[in-house]
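Take a look at the structure set out below.
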Amino acid sequence: MDVTIHPCLRLSGRIVPPSSKNYTARCLLVSALAEGASTILRPAVSDDAEAMRRGLETLGAQLRQIDDRLHVEGFGRHPRSGQTIDPGNAGAVVRFLMAVSAMTRETRFVTSHHDSLGRRPHADLLRSLEQLGCLTESEGAGGRLPIVIRGGEGRIHGGKVEVSGAISSQFLSGLLFLAPLIGEDVEIEVTHGLKSKPLIRTTLGVLDQAGIRVEARTDLEHFWVPGGQRYRPREWTVNGDWPGASALLAAAAVTAGDVEVLNLHDDDQGERLAFDILQKMGAPMEHIGTTVAKRKSAPLRGIEIDGDQMTDAVLALAAAAAFAEGTTRFVNVENLRHKECDRITDFLAALREAGVRGEERRDELIIHGDPSGYAGGVTVWGRGDHRVIMALTVLGLRCASPITVTGAEHVAKSYPAFFADLRALGARIDERV
């Protein structure tokens with residue numbers, strides 16, 4: 001699908017963003033790991049959420065959707081063995097399920113997205129699972145898919161395990177979900193630092209609500225998990241998705257008009273900092289209760305941002321920075337290189353096609369803003385990455401002539417209604433299949 005974004009001087013209205021992708025994945029997983037029935041209110045509806053549902057059903061969970069409630073009957077400590085799982089293009093899903101599959105005799109993981117998820121490395125997680133007694137196989141260098149995990153009772157054991165946090169926090173989250181199910185205590189030591197710490201706080205919060213005890217050092221680089229615990233079934237309510245909302249807020253920041261984005265709680269999502277960043281850049285926004293409102297327009301200015309605390313909001317903020325006075329520097333963002341695409345090099349290439357000036361370092365993304373805007377009139381490939389597509393859409397709102405983004409169907413990975421929501425605020429976006 002291609003979308004054409006027409007110039008838009010003004011956005012106005014109220015929008016409810018999608019439910020949190022990250023919370024939905026975790027609530028689904030712990031519900032499946034519980035013995036008994038759980039209910040999830042307002043789970044995310046997206047390609048990634050569907051990938052997690054499919055994977056858990058393959059492992060033996062029973063899921064039933066009634067209106068905005070998802071009922072989950074878990075498989076507890078006994079996921080189904082001998083299965084093949086295709087997680088689509090969902091990195092967190094495959095890593096969480098690979099960890100949980102250590103409780104099976106054998107599970108195979110494949111992907112139909114060879115040029116995206118198929119290129120992402122998982123060796124750090126595989127090495128950690130091997131320390132717990134699993135046997136693993138991978139066909140590609142760096143632990144790339146397809147991958148086979150062989151574990152199960154009699155093979156997997158507790159003890160001390162090391163995991164690198166240099167590429168992704170998802171490896172650590174996967175181990176934290178697995179550890180309580182092992183019949184022995186597990187000690188986890190993080191090596192090479194830890195990226196995206198807010199997502200580990202999200203994991204720990206969900207584990208705590210599921211009745212799991214984890215002792216964590218304050219720097220989140222050492223954990224002790226008692227063995228033989230049981231996940232508790234319960235009812236979950238999923239908050240709004242700050243990563244998706246950050247694109248809406250960036251769009252509001254670069255246009256005139258009054259915009260309200262609802263159901264945004266002050267929770268553990270690191271991307272909630274996008275609101276603070278846009279305020280520091282000069283956007284007149286306020287967060288009252290669970291609503292973020294922008295009431296008037298103001299010029300933006302470039303600042304320096306530690307992007308590691310809000311990984312999935314960086315590209316949307318970079319799109320807003322393209323219209324700021326001066327330079328915006330995103331530091332500590334090397335992990336962006338290991339996403340659906342290289343979100344530094346590939347994203348900059350897309351921005352340059354649209355006329356934006358930028359630079360990169362190994363762990364930095366630098367945007368030189370132009371408050372006067374850009375000519376537009378170009379066609380840009382969305383790199384098969386939902387965050388790139390949303391950022392290019394924000395950029396297109398302020399171009400003098402329409403821009404077309406190709407491959408825009410990938411926005412459904414996290415926010416299927418993104419273009420419809422922007423149209424509801426007054427944007428003119430044409431879709432062509």
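The values are calculated or read from the model by the stated rules, or taken from the named source; none is laboratory data. Please read these numbers as outputs of a predicted model, since none were measured by experiment. Ideal geometry is used to build each Cβ from the backbone, glycine not excepted, and the neighbour counts take in all protein chains shown.
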For this session: Could you list all residues from region 335-351 that are surrounded by 18 or more Cβ atoms within 10 Å (Cβ to Cβ) and either more than 17 Å from Gly91 (Cβ to Cβ) or free of Cβ contacts under 8 Å to residues at least 60 places away in the same chain (or both)?
Result: Leu336, Arg343, Ile344, Asp346, Phe347, Leu348, Ala350, Leu351
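Only one of Ala354, Ala298, Ala321, Ala293 is among the hydrophobic types (A, V, I, L, M, F, W, C), over 19 Å from Lys197 (Cβ atoms) and surrounded by fewer than 16 Cβ atoms within 10 Å (Cβ to Cβ); which?
Numbers: Ala354 fails: surrounded by fewer than 16 Cβ atoms within 10 Å (Cβ to Cβ); Ala321 fails: surrounded by fewer than 16 Cβ atoms within 10 Å (Cβ to Cβ); Ala293 fails: surrounded by fewer than 16 Cβ atoms within 10 Å (Cβ to Cβ).
From the options Ala354, Ala298, Ala321, Ala293, the qualifying one is Ala298.
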Problem set entry | Restricting region 398-416 to residues that are crowded, with 19+ Cβ neighbours inside 10 Å and of a type in the set (D, E, K, R), the residue that is nearest to Leu248 (Cα to Cα) | Arg398
Problem set entry | Total residues in region 185-201, condition at pLDDT 95 or above and either assigned to a loop (DSSP other than H, G, I, E, B) or in contact with a strand residue (DSSP E or B) (Cβ under 8 Å, 6 or more places away or on another chain) (or both) | 8
Seminar exercise, completed: Only one of Asp267, Asp276 is surrounded by fewer than 18 Cβ atoms within 10 Å (Cβ to Cβ) and either in a helix (DSSP H, G or I) or in the same structural domain as Asp48 (by TED's automatic domain parsing) (or both), namely Asp276
Exercise. Among the numbered criteria (1) part of a loop (DSSP other than H, G, I, E, B); (2) outside the structural domain of Ala298 (by TED's automatic domain parsing); (3) under 28 Å from His71 (Cα atoms); (4) free of Cβ contacts under 8 Å to residues at least 40 places away in the same chain, which single criterion is violated by Leu204?
Worked result: (1)
For this session: Out of the residues in region 73-90 that are surrounded by 22 or more Cβ atoms within 10 Å (Cβ to Cβ) and in contact (Cβ under 8 Å) with a residue 60 or more places away in the chain, state the one that is nearest to the chain's Cα centre (by Cα).
Result: Ala90
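On the basis of being in a helix (DSSP H, G or I) and either among the acidic types (Asp, Glu) or farther than 30 Å from Pro299 by Cα (or both), does Asp219 make the cut? Give the steps one after another, and end with the answer.
Values: in a helix (DSSP H, G or I): no; either among the acidic types (Asp, Glu) or farther than 30 Å from Pro299 by Cα (or both): yes.
Judged against the criteria, Asp219 is not a match.
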Exercise. Out of Leu9, Leu33, Leu59, which single residue is among the aliphatic types (A, V, I, L, M) and not assigned by TED's automatic domain parsing to the domain that holds Ile149?
Worked result: Leu9
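Output the residues belonging to region 21-45 that are small (Gly, Ala, Ser) and part of a loop (DSSP other than H, G, I, E, B). Before you say what the answer is, go through the steps one by one.
Step one: list which residues in region 21-45 are small (Gly, Ala, Ser), which gives 25, 31-32, 34, 36-38, 44.
Across region 21-45, the qualifying residues are Gly36, Ala44.
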Problem set entry | Any hit, region 105-114, residues being touching a Pro at 6+ places or on another chain (Cβ under 8 Å), farther than 24 Å from Asn335 by Cα and charged (D, E, K, R) | yes
Problem set entry | Filter result (out of contact with any His (no Cβ under 8 Å at 6 or more places or on another chain) and under 16 Å from Phe330 (Cα atoms)) within region 250-278 | Ala250, Gly270, Glu271, Leu273, Ala274, Asp276, Ile277, Leu278
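Residues that are touching an Asp or Glu at 6+ places or on another chain (Cβ under 6 Å), among the β-branched types (Val, Ile, Thr) and outside the structural domain of Gly244 (by TED's automatic domain parsing): does region 40-49 have at least one? Quick ask: steps written out before the conclusion?
In the first step, residues of region 40-49 are kept if they are touching an Asp or Glu at 6+ places or on another chain (Cβ under 6 Å); the result is 42.
Filter once more, keeping what is among the β-branched types (Val, Ile, Thr): none.
Scanning region 40-49, I find no residue that is touching an Asp or Glu at 6+ places or on another chain (Cβ under 6 Å), among the β-branched types (Val, Ile, Thr) and outside the structural domain of Gly244 (by TED's automatic domain parsing), so the answer is no.
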Problem set entry | Residues of region 379-402 satisfying the condition of being more than 16 Å from Ala320 (Cα to Cα) and in contact with a helix residue (DSSP H, G or I) (Cβ under 6 Å, 6 or more places away or on another chain) | Val380, Gly382, Arg383, Gly384, His386
Exercise. Would you pick out the residues in region 359-382 that are surrounded by 21 or more Cβ atoms within 10 Å (Cβ to Cβ) and farther than 15 Å from Val405 by Cα?
Worked result: Leu365, Ile367, Gly369
